[in-house]
1. Under 8 Å for C-alpha pairs, at least 6 residues apart: give me the relative contact order for the chain, rounded to a whole percent.
2. Which order results if SER73, SER28 are arranged by neighbouring Cβ count within 10 Å, fewest first?
3. If you rank GLU23, GLU69, GLU35 by fewest surrounding Cβ atoms within 10 Å, what's the result?
4. What does the charge dipole of the chain about its Cα centre add up to, to the nearest 20 debye, if the Cβ of each Lys and Arg holds +1 and the Cβ of each Asp and Glu holds -1?
5. Of [x] -0.51, -1.17, -1.23; [y] -0.23, -1.23, -1.42; [z] -0.42, -1.32, -1.44, which one was derived for log10 I(q)/I(0) by the Debye sum over Cα atoms at q = 0.11, 0.25, 0.27 Å⁻¹ from the structure shown?
6. 5 Å is the cut-off here: which amide hydrogens, built 1.01 Å from N in the peptide plane, fall below it relative to LEU37, excluding neighbours closer than 5 in sequence?
7. Would you list PHE11, PHE32 from fewest to most Cβ contacts within 10 Å?
8. May I ask which residue of SER28, HIS56, SER46 lies farthest towards the positive end of the charge dipole of the chain, with charges of +1 (Lys, Arg) and -1 (Asp, Glu) on Cβ and the Cα centre as origin?
Amino acid sequence: IQLKLNGASTFQDIRYLTQQVFEFTYMSWKTFNLEPLPVTITYSNSIAKLLGRLRHIKNWNSDALQTTELRSSLWFA
């Protein structure tokens with residue numbers, strides 16, 4: 001990621017802004033604290049675990065994920 005300050009900005013501390021951007025990657029909707037891993041990894045792991053639990057449900061067919069919009073849609077949309 002390349003960060004660039006807007007020329008009209010009165011805030012000039014690029015290091016502070018860079019640190020904020022970095023910390024935002026660890027934010028989670030589940031807690032006020034920062035996650036130990038970036039949320040892109042944390043959420044992917046959570047989704048994988050939840051989908052793994054579905055195999056214990058009677059008549060669950062994982063092929064259903066291949067043929068639905070769920071597979072190609074954004075999880076946060």
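No value in this document is a laboratory result; all are computed from the given coordinates. The structure presented is a predicted model; accordingly, all values stated were derived computationally and were not measured. Don't worry about glycine lacking a Cβ; one is built from the backbone with ideal geometry, like all the others, and counts go over all protein chains shown.
1. Across the chain, relative contact order equals 12 percent.
2. SER73, SER28
3. On the way: GLU23 10, GLU69 6, GLU35 15.
Fewest to most other Cβ atoms nearby, the residues stand as GLU69, GLU23, GLU35.
4. Taking the Cα centre of the chain as origin, the dipole is about 300 debye.
5. [x]
6. none
7. The fewest-first ordering by Cβ neighbours comes to PHE32, PHE11.
8. The residue sitting most towards the positive pole is HIS56.
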